[in-house]
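Notes follow the structure.
Please treat every number below as a calculation from the coordinates, not as lab data. This structure is a prediction, so every number in the text was calculated from the model and none was measured. For neighbour counting, all protein chains shown are included, and Cβ atoms are generated from backbone atoms with ideal geometry for every residue, glycine included.
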């Protein structure tokens with residue numbers, strides 16, 4: 001019995017290509033998820049493992065659709081082995097755990113995939129650091145500009161509460177507390 005296991009990371013991604021690939025491979029039952037592979041508790045994966053029977057084979061389009069880390073992939077492969085079931089990847093035909101050689105290759109390829117993700121993370125971090133050094137600002141733009149901060153301080157000094165100032169500047173009161181922290185008295189912060 002061939003069982004299809006599909007996964008995409010977010011709701012806005014499409015499963016249709018994985019479905020078509022699995023249908024062409026002859027999968028009789030399919031389990032679909034829209035959740036990060038980094039999450040260990042995945043309801044559809046758990047459901048698939050609960051329904052899996054002896055000699056069943058889990059078909060995936062790629063190894064990273066099943067797990068994002070070597071440990072998770074190897075744990076799942078071991079669970080499948082205990083259930084006397086196999087694992088086959090359509091994109092990586094050598095990743096077939098129904099044989100000893102296939103289990104070894106899955107282990108090696110999972111380590112390589114983990115190494116690639118680590119390299120990508122390292123390059124991304126280096127790129128962010130270089131951009132910061134060049135003055136690039138990350139994150140949301142400031143809610144208040146210089147003249148708004150000055151106006152906010154002036155309004156606070158005139159006796160308005162932080163909530164009133166927030167309403168006047170059309171921001172959330174927490175923005176006023178955060179940006180104008182030194183200008184807000186203890187009694188005003190309590191209101």
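Of all DSSP bridge pairs formed entirely within the chain, close to 5 percent run antiparallel.
Distance between the 7 Å Cα→Cβ label points at residue 107 and residue 138: 3.6 nm. Helix 100-133 and the longest principal axis of the C-alpha atoms of the chain enclose an angle of approximately 20°. Calculated mean residue ellipticity, 222 nm, the chain: -16000 deg cm²/dmol, from DSSP H runs (n ≥ 4) at -39500 (n - 2.57) each, averaged per residue and rounded to 500. For the range 50-191, what does the alpha-carbon gyration tensor say about shape, rounded, prolate or oblate, given a ≥ b ≥ c as the root eigenvalues, a/c under 1.5 as rounded, and a/b over b/c as prolate? Prolate shape, in that a/c is at least 1.5 and a/b is the bigger ratio.
Is the C-alpha gyration tensor of the range 17-57 telling us rounded, prolate or oblate? Criteria: a/c under 1.5 is rounded; beyond that, a/b larger than b/c is prolate, otherwise oblate. It is oblate, given that a/c is not under 1.5 and a/b is not larger than b/c. Here the gap between residue 157 and residue 32, fully extended at 0.36 nm per residue and compared with their Cα-Cα distance, gives a gain of 39.2 nm.
Tell me whether the range 2-117 comes out rounded, prolate or oblate; compute the Cα gyration tensor, take square roots of the eigenvalues as a ≥ b ≥ c, and use a/c under 1.5 as the rounded threshold. Rounded is the answer for the range 2-117, as its axis ratio a/c remains below 1.5. Relative to the longest principal Cα axis of the chain, at what angle does helix 146-157 sit, 0 to 90 degrees, rounded to 10? Long axis of 146-157 versus the principal axis of the chain: about 60 degrees.
For the pair residue 177 and residue 23, how long in nm is the line joining their label points, each one 7 Å along Cα→Cβ? Modelled inter-label distance: 5.4 nm.
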